[in-house]
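Before any comments, here is the structure.
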Amino acid sequence: MTPVFRILLIVVSLFTTYYILKRIRQSKLQIEYAIFWILFSGVLIVFSLFPWLVSMFTRMIGMQLPVNFIFLLFIFVLMVKLFFMTIELSSLENKVKDLTQELALEEKEHRDEQKELLKETRQEKESKSE
């Protein structure tokens with residue numbers, strides 16, 4: 001791994017960690033989501049500080065260049081993260097749909113009750129006028 005690439009990984013990791021911590025302090029990011037990104041940045045820092053670790057993993061799986069291993073690893077990790085986020089998004093969309101349907105039913109019941117009250121009021125007025 002070239003020194004420039006190592007330095008770039010460290011800088012990007014530190015910036016990402018800083019940004020994540022800033023968003024947590026501003027209450028714009030939940031801690032459970034932040035943990036993933038902090039760990040992700042930590043792994044980048046470890047790989048940057050200990051390039052022999054990347055070389056060892058690269059040789060173990062039979063790749064030629066350590067940078068290819070890093071790209072492959074992080075593409076895989078991000079794909080897994082994307083899959084779990086898709087599952088969560090789908091679940092949230094189902095909840096929104098259920099809540100919308102429930103709200104629509106309650107509004108319909110409320111309108112029906114108002115119509116019924118209006119009818120009763122009219123009938124009472126008509127019966128009093130007769």
Does LYS28 satisfy being over 30 Å from THR2 (Cα atoms) and either part of a helix (DSSP H, G or I) or in contact with a helix residue (DSSP H, G or I) (Cβ under 7 Å, 6 or more places away or on another chain) (or both)?
no
So which residues in the stretch 73-130 are within 30 Å of LEU53 (Cβ to Cβ) and of a type in the set (Val, Ile, Thr)?
ILE75, VAL77, VAL80
Quick check: anything in the stretch 31-51 among the aliphatic types (A, V, I, L, M), farther than 30 Å from VAL4 by Cβ and free of Cβ contacts under 8 Å to residues at least 40 places away in the same chain?
yes
Regarding the stretch 69-83, can at least one residue be identified that is assigned to a helix (DSSP H, G or I), in contact (Cβ under 8 Å) with a residue 12 or more places away in the chain and not hydrophobic (A, V, I, L, M, F, W, C)?
yes
Report, by residue number, each residue of the stretch 34-56 that is aromatic (Phe, Trp, Tyr), part of a helix (DSSP H, G or I) and loosely packed, with under 15 Cβ neighbours inside 10 Å.
PHE36, TRP52
Note on the stretch 1-25: residues assigned to a loop (DSSP other than H, G, I, E, B) and surrounded by fewer than 14 Cβ atoms within 10 Å (Cβ to Cβ) are THR2
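FYI, it's all coordinate maths here, none of it is from the lab. Predicted model, so just to flag it, every value in this text is computed and none were measured. Reconstructed Cβ throughout: ideal geometry from the backbone, glycine too, with neighbour counts over all protein chains shown.
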